[in-house]
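What follows is a single structure, written as structure tokens, with notes after it.
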Amino acid sequence: MTTDFKNYISDILNHPITLISPVQGGDISKAYRIDTTNNSFFIKTNTSPEALKMFQAEAYGLQLIAKTNTIKTPKIIACNTYKGFAFLILEHIESKSPSTKNFESLGHQLAQLHSHTSEYFGLDQDSFIGSLVQQNEQQKSWLEFYTQERLLPQLRLAGKNHLLANNEMPSVEQIKNNLQPLMANVKPSLLHGDLWSGNYLISKDDIPYLIDPAVYFGHHEVDIAMTKLFGGFSHTFYEGYNAHISSDAHTQARMEIYQLYYLLVHLNLFGNSYHGAVMSILNTYF
């Protein structure tokens, strides 16, 4: 971080900065903890052309989740650009390793978040999944939304980038025909949208927080599918969640279909190491 950028941030925080420490964990942006004479903050910076839109979408998602009063998100301090640096400043959450009780609380609160609904699937603006745009054109039909706004954009991007061959990708008709029996009677729920183990925190005083959202209204099982894709959630998390929301005969199949979206995203972001996992699901269901 340059000296003039540091001074600019200090002016925003209205206190002298005493320490800037790099924070590990993100793939897309650089992150730091900023200590001032009276408080601590978290800042992300990025110089890509889409960075400000990305941070603005993240801030919007954090605000949407916070407004539900179900699960906490870090307070937003500032989101702007300075000499080519887009940045997002949040309150710093002093975190700890979660206990089984913390995981149970996270499960309860996520279920409460998912109780917030909408007339439509999608959102009034697009969001981002990693550095990729996540389309959110609103739809009445979950099957239509998941096909047109989730699977098809990632499949087409993978084809364009020569990560999937034409004969490896299902047609629109195959997707809709094969998924239609699995996706009846789905109601919109407000989702975190990218709920892997790096996107929640447990504060020192045992309060769960959600970070780095990719929000929209979709099927509640999407968030659960992501928690199970890479692991990192205790059995008590699922016990807490399932106390409010139950599964049905198609849940396991839908979990794999929802994980397909995230695997396609990883294929498009990180390359061929995800090809086998993508093809396993495509071959099973299409």
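Pairing residues of the stretch 147-167 that are open to solvent by 50 Å² or more (accessible area, probe 1.4 Å) with residues that are among the small types (Gly, Ala, Ser), at Cβ distances under 9 Å and at least 6 apart in sequence or on separate chains, gives ASN161/GLY271; ASN166/GLY159. Within the stretch 252-286, being more than 24 Å from TRP142 (Cβ to Cβ), open to solvent by 30 Å² or more (accessible area, probe 1.4 Å) and not hydrophobic (A, V, I, L, M, F, W, C) holds for ASN272, SER273, TYR274, HIS275, GLY276. Within the span defined as the stretch 62-69, one or more residues are open to solvent by less than 60 Å² (accessible area, probe 1.4 Å) and under 18 Å from SER197 (Cα atoms). For the stretch 70-85, a residue qualifies if it is surrounded by fewer than 16 Cβ atoms within 10 Å (Cβ to Cβ), part of a strand (DSSP E or B) and not hydrophobic (A, V, I, L, M, F, W, C), and the qualifying residues are ASN80, THR81, TYR82.
Beta carbons closer than 6 Å, at least 6 apart along the sequence or on distinct chains, pair a first residue in the stretch 236-247 that is open to solvent by 70 Å² or more (accessible area, probe 1.4 Å) with a second that is at pLDDT 95 or above and in a helix (DSSP H, G or I) for HIS244/ALA111.
From ILE207, ILE175, ILE202, grab the single residue that is open to solvent by 10 Å² or more (accessible area, probe 1.4 Å), among the aliphatic types (A, V, I, L, M) and modelled with pLDDT of 95 or more. Spell out the reasoning first.
Numbers: ILE175 fails: open to solvent by 10 Å² or more (accessible area, probe 1.4 Å); ILE202 fails: open to solvent by 10 Å² or more (accessible area, probe 1.4 Å).
Result: ILE207 is the single residue among ILE207, ILE175, ILE202 that is open to solvent by 10 Å² or more (accessible area, probe 1.4 Å), among the aliphatic types (A, V, I, L, M) and modelled with pLDDT of 95 or more.
For ASP194, are the conditions met, namely being crowded, with 18+ Cβ neighbours inside 10 Å, at positive phi and among the charged types (D, E, K, R)? Here the answer is no, as ASP194 does not meet what is asked. Number of residues in the stretch 1-56 that are assigned to a helix (DSSP H, G or I) and either surrounded by fewer than 16 Cβ atoms within 10 Å (Cβ to Cβ) or not basic (Lys, Arg) (or both) equals 16.
Within the stretch 221-236, is even one residue over 28 Å from SER97 (Cβ atoms), under 20 Å from the mean Cα position of the chain (by Cα) and among the hydroxyl-bearing types (Ser, Thr, Tyr)?
Going through the stretch 221-236, the residues over 28 Å from SER97 (Cβ atoms) turn out to be none.
No - not one qualifying residue is present in the stretch 221-236.
The values are calculated or read from the model by the stated rules, or taken from the named source; none is laboratory data. Being a predicted model, the structure only gives us computed values, none of them experimental. Note that we place each Cβ from the backbone using ideal geometry, even for glycine, and neighbour counts take in every protein chain shown. Areas reflect the complete protein model, heavy atoms only, side chains present, ligands, DNA and RNA absent. Shrake-Rupley method; radii C 1.70, N 1.55, O 1.52, S 1.80 Å.
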